Amino acid sequence: MIIGYIGDWCAKFIDMSFESVINAEKIIFVWGTEDKDTLNKFEEWNRRYPNKFILIENKFDQNDKGMNGKARNVYLEYAKKNFTNEWMLVCDPDEVVEDLNKIKEFIQ
């Protein structure tokens, strides 16, 4: 299972969310390029779990009302090209998954 995130300004709670999905095969994070604290948190996790995380930089335009959808399409397109036949769980950086294994079992 692949996990997809978009985020910026989420350094204070991203640890809880990443911890809850760390058993995923890959975690794709589309970073809005504004908040360096979020990037630093991502890099900490990437060092702790090499080859688990994928960072995609995608400037987030706060004035574009459709930007959330556009940002989500970035990781969906990436996953389509690189992880065919994989399920993807979409999370917000402030969400925590109680039991990722239960979700995996349900899918199978």
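The values are calculated or read from the model by the stated rules, or taken from the named source; none is laboratory data. Quantities reported herein were computed from a predicted structural model and do not represent experimental measurements. All Cβ positions, even for glycine, are placed from backbone atoms using ideal geometry, and neighbour counts span all protein chains on display. Only protein heavy atoms, including side chains, enter the accessible area calculation; ligands, DNA and RNA are left aside. Shrake-Rupley method; radii C 1.70, N 1.55, O 1.52, S 1.80 Å.
Just for the stretch 57-85: of the residues that are touching a helix residue (DSSP H, G or I) at 6+ places or on another chain (Cβ under 8 Å) and surrounded by 15 or more Cβ atoms within 10 Å (Cβ to Cβ), which one is modelled with the lowest pLDDT? Talk me through it step by step, then tell me what you get.
To start, the set of residues in the stretch 57-85 that are touching a helix residue (DSSP H, G or I) at 6+ places or on another chain (Cβ under 8 Å) comprises 58, 60-61, 64.
Applying the additional criterion that residues be surrounded by 15 or more Cβ atoms within 10 Å (Cβ to Cβ) yields 58, 60.
Working: Asn58: 96, Phe60: 92.
Among them, the one singled out is Phe60.
Under the condition of being under 24 Å from Phe83 (Cα atoms) and at pLDDT 95 or above, the residues counted in the stretch 2-18 number 8. If we scan the stretch 86-102, do we find a residue that is among the aromatic types (Phe, Trp, Tyr) and either open to solvent by less than 70 Å² (accessible area, probe 1.4 Å) or part of a helix (DSSP H, G or I) (or both)? Scanning the stretch 86-102 turns up no residue that is among the aromatic types (Phe, Trp, Tyr) and either open to solvent by less than 70 Å² (accessible area, probe 1.4 Å) or part of a helix (DSSP H, G or I) (or both). Selection within the stretch 17-42: residues that are in contact with a strand residue (DSSP E or B) (Cβ under 8 Å, 6 or more places away or on another chain) and open to solvent by 20 Å² or more (accessible area, probe 1.4 Å). The member of this set that is farthest from Tyr78 (Cα to Cα) is Leu39.
What's the number of the only condition in (1) under 30 Å from Ile107 (Cα atoms); (2) part of a loop (DSSP other than H, G, I, E, B); (3) over 12 Å from the mean Cα position of the chain (by Cα); (4) touching a residue at least 40 places away in the same chain (Cβ under 8 Å) that Asn51 fails to meet? Condition (4) is where Asn51 drops out. Being β-branched (Val, Ile, Thr) and under 11 Å from the mean Cα position of the chain (by Cα) holds for only one residue in Ile107, Ile27, Ile103, and it is Ile27.
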